[in-house]
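Working notes, structure below.
The values are calculated or read from the model by the stated rules, or taken from the named source; none is laboratory data. As the structure is a prediction and not an experimental result, all values here were calculated from the model. Note that each Cβ is placed from the backbone with ideal geometry, even for glycine, and that neighbours are counted across all protein chains shown. To get the accessible areas, we keep the full protein, side chains included, count just its heavy atoms, and leave off ligands, DNA and RNA. Shrake-Rupley method; radii C 1.70, N 1.55, O 1.52, S 1.80 Å.
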Amino acid sequence: MADSITPNAISTIIKNPSPDSSSETPQIVVQVVDLKPVGNRFTFNASDGKMKLKATLPSNMSSEINLGNLQNLGLIRILDYTLNVLPKTQEKCLIVTKCEVVTAALKIEVGNDVEEETGIVLKPKHEIGIILKPKQEVVVKSANEILHEQNGNAAPAARMAMTRRVNPLVSLNPYQGNWTIKVRVTNKGTLRSYKNARGEGHVFNVELTDEDGTQIQATMFKEAAEKFYNKFEMGKVYYISRGVLKVANKQFKTVQNDYEMTLNENSEVEEVKGEVTSIPEAKFNFVPIDQLGPYVNGRELVDVIGVVQSVSQSLSIRRKSNNDTIPKRDITIADESKKTVVVSLWNDLATGVGQELLDIADSSPVVAIKSLKVGDFQGVSLSALSRSIVLVNPDLPESKKLSSWYNSEGRGASMDSVGSGAISASPKNGLRSMYSDRVCLTHITSNPSLGENKPEYFSVKACVSYIKPDQAMWYRACKQCNKKVTEVIGSGYWCEACQKNDEECSLRYIMVMKVSDPTGETWFSVFNEQAEKIIGCTADELDKMKQDGNGSSYQLKLKEATWATHLFRVTVKQNEYMNEKRQRIAVGTQSSIDFAAESRFLLEEISKL
């Protein structure tokens, strides 16, 4: 019996948009028209000769297309599908979740002159009708025959899976009814307590990934959180159904998906056992180190990969919120951009994988880290969160490429910190530098509300006009962690962070200075690294000058630092003092004037006038 395009196939699909199971799906043969790749999938127009419908092929058909087994104008038999309606345009889109190739390609597209009752019959070459391309011999079997053979040969667990209708994550939307997804837990948050106007309870979230690499975040509250927290385990695969989808809140989403999922106490979660699965363990979206600038102090988390340059010893840091002591460890990594960045690991990451990195640091391991917060310490810095994942020497193409680069040329290359210096801002590097967000001082001082709700960041070109000689310009610091120490009579200095005494301490700058530009003047708070560059010596050296003789060398050193012009990257915040809010401007990065770069910047600004 010859296979034919199913008459009124598109109408049949529209009338039955979401069959309950594969056994209820009607046998539908359509022609593939306008086949083209989009990401890791292929889209096409499903045609029955009278009507067309936008459609997406399942990801496993990509190999058939690459091998030439399915081409444009070919025929497929649809075994399972979902019909979605796009919320904005109300346009229908067919998501094919399972299909088989009937014919690789026809010579022509089936037109509108087809009789509705009979369809198009594919006839041999010597008969009148549409001629098939002699690409290959096609053994045609019905969908029921193929399913019967697969079910018969499969293991019991696999046969059970075949009867379950699984939807790809890309096909889900808030307007869809019943669905079941098969996903791996690629990230699991901690169980947190909350209390608000609507009540109190527990909450946690997980990141889920399907076999196409599509991700979605699922959140559970109250009873659902307590029910599923122990059930979800990192790396395991689950069937999930009866969840609720909504448009993702951009402030809190951690994956690239327009929707987020909420599971309640009636949702169903079943671990997948005894089945072979191709769902990836983790999915990274790496950001090059020299492209971290736009993410500074933003809500969006980043993934990075780099070669470990150094690993610090573990430090004990005391939290201000609850006075608890937690371990911290800093690692410095570099990538092919020849930029370095410091990553702070906390708690178990500091004592676990952090210690592992310290032990093998001499071998320059590659580390991939997922979900990092980007801060402005030393210009740009990274900090791990409870949901962060750290992989050492991962089996990833990016890891092998980075390791090869480092062994061939990176090891001997000169590396600079991504947050240091006046880096020219451009669309290529994306950095927020001394030449981005440039403002005059009056832009800051004339707007007292700046930084009231959140910190604001600007670049300023100004000169140092005055440094108070009688201010407390430094503090006594621990030589290991740089935290403040207290003098203990007869036993040196006590560091609360390290919980130990030391016979010696170091001095670190923490001072204020007045700066001026053509529009006005104001006070900047300056810390150790930037102050050393401005004054030209360390705090210990300046203290020695102050103690020697009548302090004339001390006064001269401060005088030499004034009326020098610098580029500053500053943070504007609101601090409360004596029940009064005051604007505080702190220097994050400082650099001397690069006259060539400054001239280019000024010419570009003039061209905009």
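Listed by first and then second residue, the pairs with beta-carbon distance under 8 Å, at least 6 apart or on different chains, first residue in the stretch 392-420 and in contact (Cβ under 8 Å) with a residue 12 or more places away in the chain, second open to solvent by 80 Å² or more (accessible area, probe 1.4 Å) and assigned to a helix (DSSP H, G or I), are Val392/Glu356. Quick check, is Val276 touching a helix residue (DSSP H, G or I) at 6+ places or on another chain (Cβ under 8 Å) and crowded, with 19+ Cβ neighbours inside 10 Å? No. In the stretch 334-378, the residue that is surrounded by the fewest Cβ atoms within 10 Å (Cβ to Cβ) out of those that are among the hydroxyl-bearing types (Ser, Thr, Tyr) and over 30 Å from Gln590 (Cβ atoms) is Ser363.
Within the stretch 395-418, the set of residues being within 24 Å of Gln215 (Cβ to Cβ) and surrounded by fewer than 18 Cβ atoms within 10 Å (Cβ to Cβ) comprises Asp395, Leu396, Pro397, Glu398, Lys400, Lys401. Of all the criteria given as (1) more than 35 Å from the chain's Cα centre (by Cα); (2) in contact (Cβ under 8 Å) with a residue 60 or more places away in the chain; (3) surrounded by fewer than 16 Cβ atoms within 10 Å (Cβ to Cβ); (4) farther than 15 Å from Gln590 by Cβ, the one not satisfied by Ile489 is (2).
The residues on offer are Leu542, Leu603, Leu558, and the sole one that is in a helix (DSSP H, G or I), surrounded by fewer than 14 Cβ atoms within 10 Å (Cβ to Cβ) and modelled with pLDDT of 85 or more is Leu603.
Among residues of the stretch 437-457 that are without any contact (Cβ under 8 Å) to a residue 60 or more places away in the chain, those with a beta-carbon under 6 Å from a residue that is assigned to a strand (DSSP E or B) at least six positions away or on a different chain give the pairs Asp437/Phe458; Asp437/Ser459; Val439/Phe458. Does at least one position in the stretch 373-383 carry a residue that is more than 21 Å from the chain's Cα centre (by Cα) and assigned to a helix (DSSP H, G or I)? Looking through the stretch 373-383, none of the residues is more than 21 Å from the chain's Cα centre (by Cα) and assigned to a helix (DSSP H, G or I).
Here's a check for you: in the stretch 422-447, which residue that is in a loop (DSSP other than H, G, I, E, B) and at pLDDT 85 or above is nearest to Val515 (Cα to Cα)?
Cys440
Sub-6 Å Cβ pairs linking a first residue in the stretch 541-564 that is closer than 28 Å to Glu521 by Cα to a second residue that is surrounded by 14 or more Cβ atoms within 10 Å (Cβ to Cβ) and of a type in the set (Phe, Trp, Tyr), at least 6 apart or interchain, are Lys546/Tyr554, ordered by first then second residue.
Give the stretch 507-517 a look and list any residue that's in contact with a helix residue (DSSP H, G or I) (Cβ under 9 Å, 6 or more places away or on another chain) and surrounded by fewer than 19 Cβ atoms within 10 Å (Cβ to Cβ), or say none. Steps first, please.
Of the residues in the stretch 507-517, the ones in contact with a helix residue (DSSP H, G or I) (Cβ under 9 Å, 6 or more places away or on another chain) are 507-511, 513, 515-517.
Within the stretch 507-517, Leu507, Ile510, Ser516, Asp517 qualify.
Do we have Gly520 as open to solvent by less than 70 Å² (accessible area, probe 1.4 Å) and more than 35 Å from the chain's Cα centre (by Cα) here? So Gly520 passes the test. So which residues in the stretch 86-106 are at pLDDT 80 or above, surrounded by fewer than 18 Cβ atoms within 10 Å (Cβ to Cβ) and either of a type in the set (Ser, Thr, Tyr) or farther than 18 Å from Ala9 by Cβ (or both)? Matches in the stretch 86-106: Glu91 only. Here the stretch 287-333 is the region considered, the condition is being under 18 Å from the mean Cα position of the chain (by Cα) and of a type in the set (Gly, Ala, Ser), and the residue that is surrounded by the fewest Cβ atoms within 10 Å (Cβ to Cβ) is Gly298. Only residues that are more than 29 Å from Leu86 (Cβ to Cβ), open to solvent by 60 Å² or more (accessible area, probe 1.4 Å) and either free of Cβ contacts under 8 Å to residues at least 12 places away in the same chain or in a strand (DSSP E or B) (or both) were counted in the stretch 222-263, giving 1. The set of residues in the stretch 487-524 being assigned to a strand (DSSP E or B), touching a Leu at 6+ places or on another chain (Cβ under 8 Å) and not aliphatic (A, V, I, L, M) consists of Ser516, Asp517, Gly520, Glu521, Thr522. The residue that is farthest from Lys236 (Cα to Cα), among those in the stretch 196-210 that are modelled with pLDDT under 85 and not polar (S, T, N, Q), is Ala197.
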